[in-house]
Amino acid sequence: MSVKPTEITDDIYNFIVENYSAEDEFLRTLKAEAKALKIPEICISPDQGNYMQFLIKSSGIKNILEIGTLAGYSAIIMARALPEGGKVITVEQSIKHAEFAKKKISEAKLNDKIEVIVSDGREYLKSVNFEEHFDLVFLDADKTSYSKYLDMATPMLKTGGIFVADNALAFGFLMNEESSKHPNQVKAILEFNKYFTNKEEYFTHLLTIGDGLIMGIKK
């Protein structure tokens, strides 16, 4: 047994992606097309996608709320793991990004499982009443609003439901914000990690794959 975590070298990471990836040719093409349209190259890593599918399948998750659609990459990955009748509601502020995501979702033949909402995430959460409706909330949006999203979405999550937020390791600068090009975001993520960990409604864990997933089970 190792006391410290094993270093993930490039070779080991390549092995992980080759064997535990949710990415296929369709998703690789999606990323290339999004890049050509100058949509930011931001999405979960292939191995994070595989983990999210594992989590969805193993936990019997059916209803998902995603804040931050971008190109639709993670929404498609999660929807592919849902059972019959399952649904992802994904919220995206940018009309350009939302329209691209809708196109790719249609091409993936997942219109019945994914609904794209064009709205500011906080405004959307204010406008709906989904009390204890969702089994999973996945957050990958503006980092400075993470704590607000958590507070607003918690009443919408079922007891035993799971809240997951990406970029918990702050792009590698979690403990060294001064070296980051975006110190305000790094500071916000560090504060969010502490806030989430101390939130009484949750039992939390930080999973160190990709840029880190901090997650909590609602008690």
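The values are calculated or read from the model by the stated rules, or taken from the named source; none is laboratory data. From a predicted model like this one, the values you see are computed outputs, not experimental measurements. No Cβ is skipped: glycine too gets one built from the backbone with ideal geometry, and neighbour counts run over all protein chains shown. Quick note on the areas: whole protein, heavy atoms, side chains included, nothing else; ligands and nucleic acids left out. Shrake-Rupley method; radii C 1.70, N 1.55, O 1.52, S 1.80 Å.
Among the GluC sites (Glu not before Pro) in the stretch 59-127, which ones are in a DSSP loop with at most 10 other Cβ atoms within 10 Å of the Cβ? Mind listing them?
Filter output for the stretch 59-127: E84.
Find the relative contact order for the chain and round it to a whole percent, using C-alpha pairs within less than 8 Å whose residues are 6+ positions apart.
Worked out over the chain, it gives 15 percent.
In terms of Cα to Cα distance under 15 Å, which aspartates and glutamates are near enough to K57, apart from those fewer than 8 places away along the same chain?
The reachable aspartates and glutamates, counting only those whose Cα sits under 15 Å from K57, are E84, D135.
D for the stretch 66-190, whole µm²/s, Stokes-Einstein with Kirkwood Rh over alpha-carbon pairs at 10 °C and 1.306 mPa s: what number?
My calculation gives 104 µm²/s for D.
In whole Å and largest first, what semi-axes does the C-alpha gyration tensor of the chain yield when each eigenvalue is scaled by 5 and square-rooted?
That gives 24, 22, 19 Å for the three semi-axes.
Could you tell me how far the Cα centroid of the stretch 36-91 sits from the Cα centroid of the stretch 157-219, in Å?
Between the Cα centres of the stretch 157-219 and the stretch 36-91 lies a distance of 18 Å.
Given a 1.4 Å probe, how much area per residue of the chain is accessible, in Å²?
I get 53 Å² per residue for this part.
Which percent of the accessible heavy-atom area of the chain goes to carbon and sulfur, probe 1.4 angstrom?
53
Counting only helical runs of four or more DSSP H residues, what would the 222 nm mean residue ellipticity of the chain come to if each run contributes -39,500 (n - 2.57) and the total is spread over all its residues?
Result for the chain: -12000 deg cm²/dmol, rounded to the nearest 500.
Kindly provide the trypsin sites (Lys or Arg not before Pro) of the stretch 1-103 that DSSP labels as loop, not H, G, I, E or B, and whose Cβ sees at most 16 other Cβ atoms within 10 Å.
Here the trypsin sites (Lys or Arg not before Pro) that fit, given the DSSP loop and packing criteria, are K38, K62.
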